[in-house]
Amino acid sequence: MRIDVFTLFPAMFDGPLTESILKRAQENGLLNIRLHNIRDYATDKHQVTDEPPYGGGGGMVMKVEPIVSAVESVLGEALADTPVILTTPQGRVFNQAMAKELAQYPRLAFICGRYEGVDERVRILVVTDEISIGDYVLTGGELPAMVMIDAIARHIPGVLGARWAAEEDSHATGLLEYPHYTRPPSFRGLEVPAPLLSGDHAGIERWRRQEAIRRTWLRRPDLLLKATLTEPEKYLLATLADEWLRRNDNGR
Ligand SMILES: C[S@@+](CC[C@H](N)C(=O)[O-])C[C@H]1O[C@@H](n2cnc3c(N)ncnc32)[C@H](O)[C@@H]1O
């Protein structure tokens with residue numbers, strides 16, 4: 001997959017994109033991330049990329065010409081079928097399903113806003129999707145772009161070492177993932193649950209599924225509304241709900 005990122009601060013991407021799994025994905029040719037400095041596309045003498053807003057008020061607004069010129073000249077004809085994502089707290093909120101869906105494209109582009117954001121005409125002319133990473137406001141779109149690139153890259157075949165890892169992750173199955181343990185089997189009196197040490201693969205799978213349901217019930221019960229559960233799993237959930245109600249009944 002090729003990803004073009006349009007930013008005023010390309011150096012911010014050093015580190016997150018140049019270490020570990022994302023670094024390896026680029027070395028292996030699975031990911032081709034190109035950083036483009038929007039300032040390089042400002043044509044005036046001082047390479048101005050932001051101006052005060054029309055109508056007054058505080059802050060600066062990123063100018064339309066350098067961004068549109070950058071996106072159009074880098075993407076060229078690919079603009080017609082490449083999602084161009086504007087990072088914005090006003091967009092639809094990013095999640096695992098969106099990461100998986102975006103990973104199906106051969107090419108993506110991200111525009112990183114700064115200051116008060118981008119001139120509205122950027123949205124009209126080149127943006128196809130507006131995405132937020134959560135209901136809070138950051139100083140720029142670089143961190144959101146990196147968050148999304150990381151989450152998307154995990155769904156590109158071959159990027160993760162273990163083929164099944166992304167499919168078992170929290171949110172991928174509609175449940176939170178089960179708890180993990182590794183060596184030693186006992187630490188400060190805390191034992192690794194016996195089923196995990198049993199060597200019985202079916203028993204391990206059963207335990208993991210049960211713990212995923214328990215954990216989801218305790219932490220994110222809202223997710224269970226959409227999860228597909230077998231009849232015995234529904235029974236387990238009813239038992240958990242019953243236990244919870246008894247504990248929270250306060251002797252009424
Ligand atoms: C300070 S914010 C601008 C917020 C804008 N004035 C508003 O109220 O919608 C600057 C830039 O950071 C990025 N940004 C901030 N919070 C974000 C979020 N939650 N998700 C995605 N991008 C975000 C966007 O690119 C935005 O243009």
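The values are calculated or read from the model by the stated rules, or taken from the named source; none is laboratory data. In this text the structure is predicted, and so the values were computed from the model without any measurement. FYI the Cβ positions are ideal-geometry reconstructions off the backbone, even for glycines, and counts take in every protein chain you see.
Given the structure, is Val122 touching a strand residue (DSSP E or B) at 6+ places or on another chain (Cβ under 6 Å) and modelled with pLDDT of 95 or more? Working first, answer last.
Details: touching a strand residue (DSSP E or B) at 6+ places or on another chain (Cβ under 6 Å): no; modelled with pLDDT of 95 or more: yes.
Considered against the rule, which asks whether it is touching a strand residue (DSSP E or B) at 6+ places or on another chain (Cβ under 6 Å) and modelled with pLDDT of 95 or more, Val122 comes out as no.
Residues that are within 13 Å of the ligand (Cβ to nearest atom), at least 3 per element: which strands (runs of 3 or more DSSP E) completely within the stretch 1-116 meet that?
Ranges flagged: 2-7, 84-93.
If you scan the stretch 87-119, which residues turn out to be in contact with a strand residue (DSSP E or B) (Cβ under 9 Å, 6 or more places away or on another chain) and farther than 20 Å from Glu65 by Cβ? Let's see the steps before the verdict.
Looking only at the stretch 87-119, we keep the residues that are in contact with a strand residue (DSSP E or B) (Cβ under 9 Å, 6 or more places away or on another chain), and these are 87-94, 98, 102, 106-119.
Pro89, Gln90, Gly91, Arg92, Val93, Phe94, Met98, Leu102, Pro106, Arg107, Leu108 - these are the residues of the stretch 87-119 that are in contact with a strand residue (DSSP E or B) (Cβ under 9 Å, 6 or more places away or on another chain) and farther than 20 Å from Glu65 by Cβ.
Cβ-Cβ below 9 Å, separation at least six or inter-chain, first residue in the stretch 3-31 and under 27 Å from Ala42 (Cα atoms) and touching a residue at least 60 places away in the same chain (Cβ under 8 Å), second polar (S, T, N, Q) and part of a helix (DSSP H, G or I): which pairs?
Qualifying pairs under 9 Å: Leu17/Gln26.
Matching residues to (1) at pLDDT below 95; (2) under 25 Å from Ala153 (Cβ atoms):
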site: Phe9; (1), (2): no, yes
site: Gly29; (1), (2): no, yes
site: Asp44; (1), (2): yes, no
site: Gly59; (1), (2): no, no
site: Pro66; (1), (2): no, no
site: Pro89; (1), (2): no, yes
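Taking interchain pairs and intrachain pairs at least six residues apart, which have beta carbon atoms under 6 angstrom, with the first residue in the stretch 105-133 and closer than 15 Å to Arg34 by Cβ and the second near the ligand (Cβ under 7 Å from one of its atoms) and in a loop (DSSP other than H, G, I, E, B)?
Going by the 6 Å Cβ cut-off, the qualifying pairs are Cys112/Gly141.
Residue by residue through the stretch 101-126, note down the ones that are among the aromatic types (Phe, Trp, Tyr) and buried (at least 20 other Cβ atoms within 10 Å of the Cβ).
Of all residues in the stretch 101-126, those among the aromatic types (Phe, Trp, Tyr) come to 105, 110, 115.
Within the stretch 101-126, Phe110 is the sole residue that qualifies.
Of all residues in the stretch 219-243 being in contact with a helix residue (DSSP H, G or I) (Cβ under 8 Å, 6 or more places away or on another chain) and in a helix (DSSP H, G or I), which is farthest from Glu167 (Cα to Cα)? Working first, answer last.
Here is the first cut: in the stretch 219-243, the ones in contact with a helix residue (DSSP H, G or I) (Cβ under 8 Å, 6 or more places away or on another chain) are 223-224, 227, 229, 233, 236-237, 240-241.
The next check asks that each one be in a helix (DSSP H, G or I); those that pass are 223-224, 233, 236-237, 240-241.
Numbers: Leu223: 16, Leu224: 17, Glu233: 20, Leu236: 23, Leu237: 22, Leu240: 25, Ala241: 27 Å.
This residue is Ala241.
For a quick check of your reading of the model, give me the residue pairs whose first member lies in the stretch 188-199 and is under 15 Å from Glu211 (Cα atoms), whose second is assigned to a loop (DSSP other than H, G, I, E, B), with beta-carbon atoms closer than 8 Å and at least 6 apart or on different chains.
As it stands, the answer is Val192/Tyr181; Val192/Pro185; Pro193/Tyr181; Leu196/Tyr181, since those pairs meet every condition given.
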